[in-house]
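Below is one structure, written out as structure tokens, with a few remarks after it.
The values are calculated or read from the model by the stated rules, or taken from the named source; none is laboratory data. As the structure is a prediction and not an experimental result, all values here were calculated from the model. Cβ placement follows ideal geometry from the backbone for every residue including glycine, while neighbour counts extend to all protein chains displayed.
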Amino acid sequence: MKVKTPKNSPIAVLYTAAKEIIDGTRAVFEKQGKDARELRIPILMHGTDLRVTIESGPQIAARNAIENAQMQASGKPVEPTVDMSAVINEAKALIAQYASEANDRIHNATPPDPADQRLHERCMGTLKGLFEVERLL
């Protein structure tokens, strides 16, 4: 299904605003010598239940092309995307379990195995990172 977006529709206005935000952000990044190819900008609408996330870059262009091809081939909307929160929660649970097992071995072994200590630290660092990723979603 293909629909032409009217010129002054909310989608057209949103596209113009998103493009300006991306172009401005890229200009700032590039001025500072930073890589600005892949951008993900979450915009929180404080005091509401709304959040708009703008994503731009080669990976997003590829994803858009794939989804467009899938829609054209099937004539149906693309299958629902993965529930990121559920996947992150499962990853956190598995890593926490692995960290707990390593921690148990550390406290029950004499002397403790340094490999278990390193594993425990890696798991805890990864968990911390996943909580940060989840916060950004």
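Listed here are the residues, each with its yes/no results for (1) over 30 Å from L44 (Cβ atoms); (2) touching a helix residue (DSSP H, G or I) at 6+ places or on another chain (Cβ under 8 Å); (3) at pLDDT 90 or above; (4) outside the structural domain of L44 (by TED's automatic domain parsing).
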{"residue": "Q97", "(1), (2), (3), (4)": "yes, no, yes, yes"}
{"residue": "I106", "(1), (2), (3), (4)": "yes, yes, yes, yes"}
{"residue": "R118", "(1), (2), (3), (4)": "yes, no, yes, yes"}
{"residue": "E132", "(1), (2), (3), (4)": "no, no, no, yes"}
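For beta carbons closer than 7 Å, sequence separation of 6+ or different chains, a first residue in segment 99-122 that is without any contact (Cβ under 8 Å) to a residue 40 or more places away in the chain and a second that is part of a helix (DSSP H, G or I) and among the basic types (K, R), the qualifying pairs are D113/R105; D116/R105.
Filtering A18, A36 for residues that are of a type in the set (G, A, S) and touching a helix residue (DSSP H, G or I) at 6+ places or on another chain (Cβ under 8 Å) leaves a single hit, A36. Could you list, in sequence order, all residues of segment 98-137 that are more than 22 Å from I88 (Cα to Cα) and surrounded by fewer than 12 Cβ atoms within 10 Å (Cβ to Cβ)? Within segment 98-137, H107, N108, A109, T110, P111, P114, A115, R118 meet the criteria. Residue count for segment 46-85 satisfying the condition of being closer than 25 Å to L130 by Cα, surrounded by 11 or more Cβ atoms within 10 Å (Cβ to Cβ) and of a type in the set (S, T, N, Q): 3. Looking only at segment 1-21, residues that are without any contact (Cβ under 8 Å) to a residue 24 or more places away in the chain and part of a loop (DSSP other than H, G, I, E, B) come to 8 in all. Residues in segment 80-121 that are under 21 Å from the mean Cα position of the chain (by Cα) and part of a helix (DSSP H, G or I): 13 in all. Looking at G24, is it within 21 Å of L136 (Cβ to Cβ), out of contact with any strand residue (DSSP E or B) (no Cβ under 7 Å at 6 or more places or on another chain) and part of a helix (DSSP H, G or I)? For G24, the condition - within 21 Å of L136 (Cβ to Cβ), out of contact with any strand residue (DSSP E or B) (no Cβ under 7 Å at 6 or more places or on another chain) and part of a helix (DSSP H, G or I) - is met. Got at least one residue in segment 48-70 being in a loop (DSSP other than H, G, I, E, B), outside the structural domain of R122 (by TED's automatic domain parsing) and on the phi < 0 side of the Ramachandran plot? Taking every residue of segment 48-70 in turn, at least one turns out to be in a loop (DSSP other than H, G, I, E, B), outside the structural domain of R122 (by TED's automatic domain parsing) and on the phi < 0 side of the Ramachandran plot.
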